[in-house]
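Everything on this sheet refers to the single structure shown next.
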There are 2 protein chains.
Amino acid sequence: MNDFTFLSPTRLIVGRNAEEQTGEWIRRYGGTKVLVHHDSMYCKTSGLVDKIIENIRGAGLEVVELGGVVPNPRLSLVYEGIELCRKEGVDFLLAIGGGSVIDSAKAIAMGIRYAGDVWDFFVEDNGVVRAVETEPCVPVGVVLTIAATGSEGSNSCVITKEDENLKRFCDNDFHRPVFAIENPVLTMSLPKFQTACGVIDIFSHSMERYFSDEGVGHDLTDYLCEAIFHTCMDCGRRLMAYPDDYDARANIMVASTISHNGLTGMGRRNNGDWGSHFIEHELSGEYDVTHGAGLAAIIPAWMKYVYKDNMPMFLKWATRVMGVSYDYEHPELTVLEAIRRLEDFFRSLGIPTTLHEMPDVGIVPEEVMYKMARRVRVTNPDGTVGTLKPLNTEDIVCIFRLAQ
Amino acid sequence: MNDFTFLSPTRLIVGRNAEEQTGEWIRRYGGTKVLVHHDSMYCKTSGLVDKIIENIRGAGLEVVELGGVVPNPRLSLVYEGIELCRKEGVDFLLAIGGGSVIDSAKAIAMGIRYAGDVWDFFVEDNGVVRAVETEPCVPVGVVLTIAATGSEGSNSCVITKEDENLKRFCDNDFHRPVFAIENPVLTMSLPKFQTACGVIDIFSHSMERYFSDEGVGHDLTDYLCEAIFHTCMDCGRRLMAYPDDYDARANIMVASTISHNGLTGMGRRNNGDWGSHFIEHELSGEYDVTHGAGLAAIIPAWMKYVYKDNMPMFLKWATRVMGVSYDYEHPELTVLEAIRRLEDFFRSLGIPTTLHEMPDVGIVPEEVMYKMARRVRVTNPDGTVGTLKPLNTEDIVCIFRLAQ
């Protein structure tokens, strides 16, 4: 086990009608003037946003509203939010929505008291991801309506600079939300596609951690990751048949938070591999693909490309999680069968596992593969990405070909 | 899944020599004058306490020292600590040790700014456990040297009023430690017996949560509990053979914190059953038995007495955790075999699973069983304890007989 520190201060408030406690919790965390941030879509038209604003005003607090967040949230709206908050003297940000809204709120929270350009925090330093020290953030709270990114409890924030199709992230413990209100009922009306992409995203956050290291030394987080995998597979399948299954919704919602708050990465190298994620970020930056749908193609391709470099972990996963019988004569067949079963699982959620099947992608030209591969955020000083097998541009293109 | 809130703000700092960061972290949490609390035993004689005191002074902070904590920590020392802290103007408590030292520090932290008798917080209200609202606690930090109680991240505190042999607990979110420094190397010199009792205690904290509820609705925490069970069984057995196995020590140490910070109980009834715990508390109150050793006898007896009331959960545990093949003709035999394997596991740690084998206990007279049973802390309005099967005095005596 590698040395680590772990901090997850986010208070989870889970249950039916939990959003009725929103104003009260903002007040307890010292908020007096609140920016309510949302996507102007379902949460607004369903009346949820207005209901929560009423609840916040009922707690004696002032409200400023900013909608318009889109999937792969845009830097331009972040700038707009920062200006608005400065002008209005906002001291608390409430995100109502999923990862895009939360990330947009986090970026605004970082920018309000920062004298420079908030994009500074998202830019690579010499090609290597750097630790970001910011001015103290304005506190962020969340009413979660989509279980997927785990942004409601994580230190992650992903923003797209739309004029350059650049999707970049910033990790910062200071912008972890102070609370996450999770009412599973709010996720019942999601389209099946959104639910499915969320389940794949949740699965992927522990997958990135699980495969980051050798097969020994982290028994506890191996099992914790496996808890997330099993929950995603059990409850994800149930939700395709029964979208109103409260318990399945609740388990997926809490799994979303737990899978990405750092718990399943404790003591593992770099807190995860993240190769698949950064590769997928370029795919969704280029084609505006939903993150979870992109991962359904990238993850199996990545696995096929790298599994020989960490047979112990892939065999552990194949037998303990995917239920494959160990092939003692040809261990590799054990792993390949497990990858096949993972593709079956993604397909059972209605998500294709190849790029050419995706409506927004299709056949990807070689030059676009290279363009995306060259843009993938590097995480190692030698210009590669990932820990299990550090990947260079050629490796990444091979993975795109396998995903094709 | 039941509605719940979850908060675990404790920062984990895990690794070799992690205790060298103690002074720095106390400073970051605002401490200026620190009570260093310990048991005057190994941690003191090994020089660890003095090394850490030097480290704290090196960070520019003042130190007051109070040793003398014993297993099943005593109320009298808590009183002494409160007086000392008031006199010296202490604003931070550092516990160096295991659960006893941490609980003693938590009780002191609660008492310093409380005008009444700190024992008020440990007394039952009308026979029912009550939620305790205290004055804000003085912050507590921990350098952990025994992995067992999980007190380093939990809201629990157990104190014994020695003149009445009363062992009582107080749950309070305000006294959760602000940080827990965990250097697995510090646990390598523990006697085998202490290591074993710790592993059983860690196992029990998720066991109490696992069996608290029906067999459906909490897939995620079922799997999270199972992660703790597997880690305890894998790493506990390894430590009996190889006490210096760093990774096994590290996994058990982190499992200690995770198993009792509330994570594995999210969404379950009353956050757990706790029948076995309260029954064992009376055993160790009466005979001064180490908590983990007492649990090794009480848990299997409790299981044999209650399993028919929750066959789904016991069958899930038997097949998924204990690796028993499902007996389709006689499902009960599946469970009984699993309980037998659990006893085997406890015995593989060198801990007997009956009271008559325990050096400090032996044959327990019926009248002592009744005396202990009548003292067991009740958790239900009807005077019973536990959620899976609410137990009255006669039930508890039956469990003592099964454990005999």
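The values are calculated or read from the model by the stated rules, or taken from the named source; none is laboratory data. Not measured: the values here are computed from a predicted model. When we count neighbours, we look across all protein chains shown, and the Cβ atoms used for this are built from the backbone with ideal geometry, even at glycine. Areas reflect the complete protein model, heavy atoms only, side chains present, ligands, DNA and RNA absent. Shrake-Rupley method; radii C 1.70, N 1.55, O 1.52, S 1.80 Å.
Scaled against 2.2 N^0.38 Å for its residue count N, the alpha carbon radius of gyration of the protein assembly as shown is 0.95.
In nanometres and ascending order, the distances from the B:Ser76 label point to those of the other copies are 7.5 (point 7 Å from Cα along Cα→Cβ). Straight-line reach from A:Lys51: taking Cα to Cα under 16 Å and skipping same-chain neighbours fewer than 8 places apart, the aspartates and glutamates in range are A:Glu19, A:Glu20, A:Glu24, A:Asp39, A:Glu62, A:Glu65, A:Glu182. Counting only lysines at least 8 places from A:Lys106 when in the same chain, those with an alpha carbon closer than 19 Å to its own are A:Lys33, A:Lys87, A:Lys161, A:Lys167. Set the Förster radius R0 to 56 Å, insert the Cβ-Cβ distance between A:Lys33 and B:Val216 as r into 1/(1 + (r/R0)^6), and round the FRET efficiency to 0.05. Once the sixth-power term is evaluated, E becomes 0.80. Spatially, the stretch A:40-114 and the stretch A:1-34 are offset by 16 Å when compared through their Cα centroids. Peptide A:226-232 has a mean shielding of 5, counted as Cβ atoms of other protein chains within 10 Å of each residue's Cβ.
Between B:Gly267, B:Gly215, B:Gly30, the residue with the greatest mean-square fluctuation in the GNM of chain B (Cα pairs under 10 Å linked by springs) is B:Gly30.
With a Förster radius of 45 Å applied to the beta-carbon distance between B:Arg86 and B:Lys371, the computed FRET efficiency rounds to 0.75. Surface listing: B:Trp274, B:Trp25 arranged by accessible area from highest to lowest gives B:Trp274, B:Trp25, probe 1.4 Å. Taking B:His230, B:His330, A:His281 and ordering them by how much accessible surface each has at a 1.4 Å probe, largest first, produces B:His330, B:His230, A:His281. Stokes-Einstein diffusion for the stretch A:1-76, with the hydrodynamic radius set to the Kirkwood value over Cα pairs and evaluated at 4 °C in a medium of 1.567 mPa s, equals 89 µm²/s. Between A:Gln404 and A:Leu333, the contour length at 0.36 nm per residue exceeds the alpha carbon distance by 23.4 nm. In the stretch B:1-20, which residues become less accessible by 20 Å² or more once every protein chain is in place, relative to the chain on its own, using a 1.4 Å probe? Those residues are B:Met1, B:Asp3, B:Phe4, B:Thr5, B:Phe6, B:Leu7, B:Ser8, B:Pro9, B:Arg11, B:Leu12, B:Val14, B:Arg16. Accessible-area rank, largest first, for B:Glu54, A:Glu286: B:Glu54, A:Glu286, with all protein chains present and a 1.4 angstrom probe.
Taking the accessible area of the protein assembly as shown, probe 1.4 Å, and keeping the other protein chains in place, the carbon and sulfur fraction comes to 50%.
Placing a label point 7 Å from the Cα of A:Asp171 along the Cα-to-Cβ direction, the residues of the stretch A:280-318 whose backbone N falls under 17 Å from that point are A:280-281. Out of the DSSP beta bridges found with both residues in the protein assembly as shown, what percent are antiparallel (nearest 5)? The antiparallel fraction comes to roughly 30 percent. Could you state how much accessible area B:Val216 has, in square angstrom rounded to the nearest 10, with a 1.4 Å probe and all protein chains kept in place? Rounded to the nearest 10, the figure is 110 Å².
Remark on chain B: Rg and Dmax equal 20.4, 69 Å (Cα only). The distance between label points at B:Glu164 and B:Glu24 comes to 4.7 nm (points 7 Å beyond Cα on the Cα→Cβ vector). Among residues other than A:Thr387 with Cβ under 15 Å from its Cβ, the summed charge is -2 (Lys and Arg +1, Asp and Glu -1).
Each label was represented as a point 7 Å from its Cα along the Cα-to-Cβ direction; for B:Lys308 and B:Asn380 these points are 1.7 nm apart. Ignoring aspartates and glutamates fewer than eight residues from A:Lys316 along the same chain, the ones with Cα atoms less than 14 angstrom from its Cα are A:Asp213, A:Glu214, A:Asp219, A:Asp222, A:Glu226, A:Asp327, A:Glu332, A:Glu337.
For the pair A:Thr354/B:Asp50, report the inter-label distance in nm, with labels modelled 7 Å from Cα in the Cβ direction. Computed distance between label sites A:Thr354 and B:Asp50 equals 7.2 nm.
Summed over both chains, the accessible area lost when B and A associate is about 3300 Å², using a 1.4 Å probe. The same position A:Gly116 in the other copies lies at 5.5 nm from this copy, comparing label points 7 Å beyond Cα toward the beta-carbon, shortest first. Sequentially through the stretch B:26-34, phi angles give Karplus couplings (6.51, -1.76, 1.60; θ = phi - 60°) of 4, 4, 5, 8, x, x, 10, 10, 10 Hz, Gly and Pro residues having no value and appearing as x.
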